[in-house]
Amino acid sequence: MAHPLKPSAQRVQDALYAAGFSNQVIELADSTRTSAEAAAAVCCAVEQIAKSLVFTGKQSGQAILVIASGGNRVDEKKVSALLGEKIARADAEFVRVQSGFVIGGVPPIGHVRPLRTLIDADLLSYTEIWAAAGHPNAVFRLTPAELVKMTGGEVAEIKVAASPP
């Protein structure tokens, strides 16, 4: 018999079903708080982890969800240019209030209020990816197309460019 999901992970499962998706949230014994931990836990490449980072617009105060490939660093200048305002990393309290989830478990769906979302174009090169599911030990598998559909996110080049050798 399956164990019930923790309440925050169940909220993500319910949001997936309500939006018409059949993806299954799973809880793991090991932490999936970081991209490396999540990749090790589900046996995939770090780049297949869709990590959720929340920023705040400096002028608007709006929460912005950036979903990046686990191996990439987000270029905040590129994100600012896309949004038309400077951004800052959100603190833990802002993330919890705006998304309804704690850092390390922010999913792409099921937030307490709609979040403007940008999606790292690099994620689209994979057939399957993994995202956080509301708790630092919960994840779900999805396709890049499902990620775009469930978030309504804008796909963009947002990673820090590699330095020349």
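Calculated mean residue ellipticity, 222 nm, the chain: -7500 deg cm²/dmol, from DSSP H runs (n ≥ 4) at -39500 (n - 2.57) each, averaged per residue and rounded to 500.
In terms of packing, defined here as the mean over residues of other Cβ atoms within 10 angstrom, the peptides 12-24, 41-53, 122-134 line up highest first as 122-134, 41-53, 12-24. The slack between residue 77 and residue 145, meaning 0.36 nm per residue of separation minus the straight C-alpha distance, is 21.9 nm. One entry in (i) 59; (ii) 47; (iii) 42 is percent of Cα pairs over 21 Å apart calculated from the shown coordinates; its label is (iii). Local charge for residue 151 was computed over the other residues whose Cβ lies under 13 Å away, with Lys and Arg +1 and Asp and Glu -1, and equals -1. Relative to a virtual label point 7 Å from the Cα of residue 28 in the Cα→beta-carbon direction, which members of the stretch 35-60 show backbone nitrogen distances below 16 Å? Label zone hits: 35-52. Using the Cβ of residue 59 as centre and a radius below 13 Å, the other residues enclosed give a net charge of +1, where K and R count +1 and D and E count -1.
FYI, it's all coordinate maths here, none of it is from the lab. In this text, all values refer to a predicted model and were calculated from it rather than measured experimentally. Note that we place each Cβ from the backbone using ideal geometry, even for glycine, and neighbour counts take in every protein chain shown.
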